[in-house]
1. Using the Karplus curve 6.51 cos²θ - 1.76 cosθ + 1.60 with θ = phi - 60°, work out ³J(HN,Hα) for each residue of the stretch 179-188 in order, rounded to whole Hz, and write x for Gly and Pro.
2. Evaluate E = 1/(1 + (r/R0)^6) for Phe129 and Asp195, where r is the Cβ-Cβ distance and R0 equals 25 Å; express this FRET efficiency to the nearest 0.05.
3. Net charge near Met180: determine it from the other residues with C-beta under 15 Å of the C-beta of Met180, scoring Lys and Arg +1 and Asp and Glu -1.
4. What is the local net charge at Phe24, summed over the other residues whose Cβ is closer than 11 Å to its Cβ (Lys, Arg +1; Asp, Glu -1)?
5. Comparing Val171, Val156, Val103, which has the greatest mean-square fluctuation in the GNM of the chain with Cα pairs linked when under 10 Å apart?
6. List the residues, sorted by chain then number, that are 5 or more residues from Leu85 or on another chain and whose placed amide H is less than 5 Å from its amide H.
7. Using modelled amide H (1.01 Å from N, peptide plane; none on Pro or chain starts), what sits under 5 Å from the amide H of Ala234, excluding residues fewer than 5 places away?
8. Sum up the charges of everything whose Cβ sits under 15 Å from the Cβ of Leu151, counting Lys and Arg as +1 and Asp and Glu as -1, but leave Leu151 out.
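All of the numbers you see were taken from the coordinates with simple rules; none came from a lab. Predicted model, so just to flag it, every value in this text is computed and none were measured. A quick note on method: Cβ atoms are made from the backbone with ideal geometry, for glycine too, and the neighbour counts reach across all protein chains shown.
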Amino acid sequence: MKNPVNFRNKKILVIGAHPDDNDFGAAATMALAAKLGAKIFYVIATKGQRGSNDKKMTGEKLAKIREQEQRKAAKILEIKEVIFLDYNDGELEVNLKLKEDLVMFLRKYRPDYVFTMDPSRFYYKRADFGFINHSDHRAIGEATLDACYPLARDAVSFSEHAKIGLKPHKVKEIFLFSFMPEEANCFIDVTKTLDLKIKALAAHQSQFGGSKTTREWVKSWAMELGKKNGFKYAEAFVRLKLR
Ligand SMILES: [Zn+2]
């Protein structure tokens, strides 16, 4: 089976809440798209200041570390630019300010495709494990969807943007990171770039430490996602084609 998405020379905006979210959800797909000439931009709402259990670590210190880790990971994947917004980790809310920030990036970078987190996933239960989707993940996903449609598209929304040269922009397709094969409707063959994803995740040393378990886990998860489609390794998405 062929990859269902044409990445050649496309412009892609990937929007996440914390450093590592975008890499976790789509690093292998981004590495593949970059090799096909896509220009990829990351927007990350917080610097992940709270992602540590170390009592000696301060939020400020951790923010610096995580920013550097994300920049290192982005280099591995050939991401063109990484932009950090100034929101606090753990406090992200779906409000007009966040939506306007995202609309500005959509109007500035004018992406063909937007990748982000799935806001409909509140919690997940399976017989063997359960989890709650972080509130920042839900918030960034919801704000991004609203920013794409209808806010960035309509000239009447944030009409003052015209004064700084930002024109309305219509996003053609949105892809939500999906970790559940039964929910996804788009599987990307990342057999050739999964190693780059593992390398990029290892660059987030403060979160994963490049441990062998992460490596094994990322592989087995990509294998499970690939199984249905005859790919060795896959990443999965909920794909929304907007008219
Ligand atoms: Zn996160």
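1. Values, residue by residue: 9, 10, x, 6, 9, 6, 10, 8, 10, 9 Hz.
2. With R0 = 25 Å, the Cβ-Cβ based efficiency is 0.40.
3. Numbers: positive: Arg121, Lys125, Arg126, Lys227, Lys228, Arg239; negative: Asp118, Asp128, Glu182, Glu183, Glu224, Glu235.
In short, 0.
4. Numbers: positive: Lys197; negative: Asp20, Asp21, Asp23, Glu235.
Charge balance in the 11 Å sphere: -3.
5. Val156
6. Ile44, Ala45, Thr46
7. For Ala234, whose amide H was placed from the backbone, the distant partners under 5 Å are Val190, Met223, Leu225, Gly226.
8. Details: positive: Lys97, Lys99, Arg107, Lys108, Arg110, Arg153, Lys167, Lys170; negative: Glu100, Asp101, Glu142, Asp146, Asp154, Glu160.
Computed value for this residue: +2.
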